[in-house]
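These notes concern the structure reproduced below.
Bear in mind these aren't lab numbers, they're just calculated from the coordinates by the rules spelled out. What you are looking at is a predicted structure, and each value in this text was computed from that prediction instead of being measured. Every residue, glycine among them, receives a Cβ derived from its backbone with ideal geometry; neighbour counts consider all protein chains shown.
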Amino acid sequence: MLPLRDINPTRRVPILTYALVALNVLVFLWQDSIPKSELQSMFMDLSVVPSEITASPFAFESFMDIVRSMFFHGGWAHLLGNMLYLWLFGDNVEDRLGKLVFLFLYFASGFTAAFAQVMINPNSIIPLVGASGAIAGVLGSYLVLFPGVRVQGIVPLGFFSRLSEWPAWSVLALWFVLQLFNGLFSIGVDTSAGGGVAFFAHIGGFVLGLVLTLILMVFIRQPPAEERRQALYMRSQKYRF
């Protein structure tokens, strides 16, 4: 399923989610202006290269490489796919957790994602770029906070597709299972001739987001169940296809 929208209200404007989307787009537009012949060299210098992180995991430069990598992308499809998921699921997570906690979860997931992928292939010299790991943490958090929310999207059926509505837990659980399945089958595959999808970055970020949110829910007051149900009902009347 390609999710398009969720029937899930927010109480406040998700400023940080919008800012992260805008910053990712602006960085990509700048990145896209760099000649292709120089882009790979830039990624090698400014983003995560597993062999270099392995050699100096706690160096300040390694820290900066991971942060910068969260805002680089491998192409328009990579960027748009990531921003769709961040736009769709990030607003509600930010709204529920609050801005500072949301920002902490986002970057903590990004760091966990980077180290998870490095641990799987510590000697790789292929740069890791993309916000996928950080956004995976947002998805894990959303699964904990809003498992029953309805998500509307497109289900491909061969040459055709149809609009459908699934509960969030099934959409996100299926996404995670696909990452896990592909990740396990990617172990030991030679990627020295080119890049690929960093499945274990997705897995690491998702698990961190899920676990961290379970812990945070103990300390952060949750809206009453009846209030959430009423808000969802009112919002659902505006989001029918």
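One decimal place: the segment Leu46-Leu174 gains 42.8 nm when fully extended, by the rule 0.36 nm per residue minus the C-alpha distance. If a/c stays under 1.5 just call it rounded; otherwise compare a/b with b/c (prolate if a/b is bigger, oblate if not). Do that for the range 21-75, with a ≥ b ≥ c from the square roots of the Cα gyration tensor eigenvalues. Note, shape of the range 21-75 comes out oblate.
Axis angle, to the nearest 10 degrees, between helix 99-120 and the longest C-alpha principal axis of the chain: 40 degrees. One chain, two ends: Phe107 and Ile15. Fully extended at 0.36 nm per residue, the span grows by 31.5 nm beyond their Cα-Cα distance.
Here the simple spin-label model places points 7 Å from the Cα toward Cβ, and for Ala55 and Leu214 these points are separated by 3.8 nm. Taking other C-beta atoms within 10 Å as the exposure proxy, Tyr106, Tyr18, Tyr85 rank Tyr18, Tyr85, Tyr106 from fewest upward.
Once you sort the root eigenvalues of the Cα gyration tensor of the range 64-122 as a ≥ b ≥ c, which label holds: rounded (a/c under 1.5), prolate (a/b larger than b/c) or oblate (the other case)? In terms of gyration-tensor shape, oblate. Model label sites at Asn123 and Leu84, defined 7 Å from Cα along the beta-carbon direction, differ in position by 3.8 nm.
Stretching the chain fully between Val67 and Trp30 yields a gain of 11.7 nm (0.36 nm per residue, less the alpha carbon separation). Is the range 119-174 rounded, prolate or oblate when judged by the Cα gyration tensor, a ≥ b ≥ c being the square roots of its eigenvalues, rounded requiring a/c under 1.5 and prolate requiring a/b larger than b/c? Oblate is the answer for the range 119-174, as a/c is 1.5 or above yet b/c matches or exceeds a/b. Each of Thr112, Thr10 was scored by other Cβ atoms within 10 Å of its Cβ. Arranged with the fewest first, they read Thr10, Thr112.
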